Amino acid sequence: MTPLTWTYMLVAWSLVLALNIFCFARIFRSKGK
Amino acid sequence: MAMAGNAVGLGNFLRFPGKVAPYGGAFMVPYFLALVLIGIPLMWMEWTIGRHGGGYGHGSTPGMFHRLWHARISKYLGIFGILLPAMVGLYYVYIESWSLGFAWQTATGAYWGTESVEGMGGVFKNYLGIGDKPLAFGPQAYVFFLITFALNIFVFSRGISRGIEVVAKYAMPALLVMGVILTVRVFTLPPVDGRSVSDGLALIWTVKDWSVLLDSGIWMAASGQVFFTLSVGLGMVHSYASYLKKKEDITLSGLTACATNEFVEVIIGGSIAIPAAVIFFGAVEARAIAEGGTFNIGFFALPVIFQQMPAGQFFGTLWFILLFLAGLTSSMAMFTPLLLFLEDELQMKRKKAVALIAAGVFLFMQPIMLCMHHGTIDEMDYWMGEFGLVLFAAIEVVIFAWVFGMDKGWEEMHLGADLQIPRVFYYIMKYVTPVFAVSLMLWAFLEPAGQGQPFGSRFWNIVTMQKVTEQSRPYLWMVRGVILATVAFLIWGVWYAWRTHPRYFEVVESDENGVASAAVVAPNCSGDSQ
């Protein structure tokens, strides 16, 4: 796999993970209120 | 959790790798675009339609659409939201039972020694009883079907909060743990003939040629995958959401269901089957296996691989249990819209409604399962899981965004919201999502059968059974008969319900808990079923 492909995959994974972290952080925050 | 479980299904582990493999990394561009422009907006819309309709005591889409649009036709258009999940459930439950059966076969080492993909194809056919006999009856497959069917009926009969949510609460974390264990196993596999996990990931993520984006096929495949994986355009999300109170959050919950599904699909689903197949068979053969059919990688290739890895029996069993749980968390709610329709609109008692559905579903499943070698499952999957899905999605998006109105829709969506959706999505939902959904629907009619073929030839070929043998045609007509009989029953049901107790369908304001005025709520809509 080329460095460019690794970057492409890791960017996509990061976006998905970031969305999950954002959602669950907001859920825990709203539950804590 | 239940909504995330509803979204996470067999599509994440079996269908996704098969769709990505032919196109490589370029596939992810239309996939993510479709997710943002139609998948997530549709999820929010369906949650909103469900909670809004649920406030008036409706748990299925005929009543929900009636509350959005007071035209005579609206309730009849809502029939799709009961028909599609119930019909998909007719074959999905059987496919799900194969996972349980193969988990058993792997745990007992029943196929150990069959070390080629072709050989596993034979094992699979033998398991299903596909041979020279007129019926595809495999005794073991049938026993596992009965277990799976009974489990599904038991869970769904207990309702959403006492059945489906309880199963999802345990099945989803178990599924995630199993997925992570299998991903780590694949990532730590030693190279075979110089091929390592990075070669496997390269098959999914390498962009060989951006010009494939000019091919309509990749856009259709990606959009279809987004629909299928999120379980939107079916009618199930609506029924889940109908249990929410008027000011319970839907924006953050809907987005979280999408996010969890994408984690399981893009990161876990894309890192098990294809990378493992590439390590053991090479990129060319792995792609050919994936393109050969949805089940080829999961049921033919992976069992061969498990036999060649240390503790393969353990990991193989884990893989099939993972598939089974993914299937179960989706299928257990497929008959819920029908159940709620019988309870809410036809005012049937729960026990009677469950018994009627169990008997009807069991009866309709038999010809589809036992004649699957004639293409009955593919026929049902095309009409319900492919064509019906985009048709219903287009209908509901237009009703919500343009008939009910996006201003009212946006306001309704944000009642009690824990997340303010960025304003840009207002315009996406008002203009882009409807145009996207209607385009997909039109394309389902207009798609050519292949290069150089006229527009509409694929649809026409399927309608007229051009590529079906004379011998198989009666069986496919039987599938269409099952669909038409169900449609006829639902049309009658809607007509009867609106005729016999019209006051129940009159417009009333629901209170802040989302409960409609007691005077007009049907006797069986007291919420006991929750």
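Throughout, read-outs are computed from the coordinates displayed, never taken from laboratory work. Values in this document were obtained by computation on a predicted structure and should not be read as measured data. Here the Cβ is made from the backbone with ideal geometry for all residues, glycine too, and neighbour counts use every protein chain on show.
Normalising by residue count, chain B has a Cα convex hull of 140 Å³ per residue. Reducing region B:36-104 and region B:422-452 to their Cα centroids gives an inter-centroid distance of 19 Å. Electrostatic bookkeeping for B:V192 treats Lys and Arg as +1 and Asp and Glu as -1; over the other residues with beta carbon under 13 Å from its beta carbon, the sum is -2.
Note on B:T108 and B:H414: their simple-model spin labels are 5.9 nm apart, each label 7 Å out from Cα toward Cβ. Averaged over the residues of peptide B:195-205, the number of Cβ atoms from other protein chains lying within 10 Å of each residue's Cβ is 3. Taking a Cβ cut-off of under 12 Å around B:F306, the surrounding Lys, Arg, Asp and Glu residues balance to a net charge of 0, with basic ones at +1 and acidic ones at -1. In sequence order, region B:65-79 has phi-based couplings of 5, 4, 6, 7, 9, 7, 9, 4, 6, 4, 5, 6, 5, x, 4 Hz under the Karplus curve 6.51 cos²θ - 1.76 cosθ + 1.60, θ = phi - 60°, and Gly or Pro positions carry x. With an 8 Å Cα cut-off and a minimum separation of 6 or more residues, compute the relative contact order for chain B in percent. Normalised by residue count, the contact order of chain B is 32 percent. With q set to 0.25, 0.26, 0.29 Å⁻¹, the log10 of I(q)/I(0) for region B:254-313, from the Debye formula over equal scatterers at the Cα positions, is -0.98, -1.02, -1.14.
Please give the Cα centre distance for region B:329-351 versus region B:186-248, rounded to the nearest Å. Centre-to-centre (Cα) distance: 30 Å. Each stretch of four or more DSSP H residues adds -39500 (n - 2.57); spread over every residue of chain B, this sum gives -19000 deg cm²/dmol at 222 nm. 3J(HN,Hα) along region A:12-21, derived from phi through the Karplus expression 6.51 cos²θ - 1.76 cosθ + 1.60 where θ = phi - 60°, amounts to 4, 4, 4, 4, 5, 5, 4, 4, 5, 4 Hz, with x in place of Gly and Pro. Exposed loop sites, defined as trypsin sites (Lys or Arg not before Pro) outside DSSP H, G, I, E and B with at most 15 other Cβ atoms within 10 Å, are absent from the longest region of chain B, namely B:1-207. Principal-axis analysis of the Cα atoms of chain B puts helix B:216-230 at an angle of about 70° to the longest axis. Cα convex hull, the protein assembly as shown: 147 Å³ per residue, rounded to a whole number.
For region B:52-98, the calculated P(r) over all alpha carbon pairs, in 10 Å bins from 0 to the bin holding the longest distance, is 28, 38, 21, 12, 1 percent. In this structure, A:I21 and B:V184 have a Cβ-Cβ separation that, at R0 = 25 Å, corresponds to a calculated FRET efficiency of about 0.80. Which of the residue pairs B:K247/B:K408; A:K31/B:K247; B:K246/B:K408; B:K75/B:K352; B:K19/B:K208; A:K31/B:K245 have a Cα-Cα distance greater than 19 Å in the structure shown? Pairs exceeding the cut-off: B:K75/B:K352. Couplings 3J(HN,Hα) for region B:155-166, derived from phi with the Karplus relation 6.51 cos²θ - 1.76 cosθ + 1.60 (θ = phi - 60°), are 5, 5, 5, 7, x, 6, 6, 9, x, 5, 5, 5 Hz, where x marks Gly and Pro.
With respect to chain B, whose longest principal axis is taken over its alpha-carbon atoms, helix B:389-398 is tilted by about 30°.
Counting Lys +1, Arg +1, Asp -1, Glu -1, what net charge surrounds B:E412 among other residues with beta carbon under 12 Å of its beta carbon? Spelling it out: positives minus negatives among the neighbours equals +3. Axis angle, to the nearest 10 degrees, between helix B:283-292 and the longest C-alpha principal axis of chain B: 40 degrees. Reported to the nearest whole Å, the Cα centre-to-centre distance from region B:105-163 to region B:469-503 is 28.
Placing pseudo-labels 7 Å out from each Cα toward the beta carbon at B:F455 and B:E285 gives an inter-label distance of 4.4 nm. Summarising the overall dimensions of region B:239-396 from its C-alpha atoms, the Rg and Dmax are 20.0, 58 angstrom.
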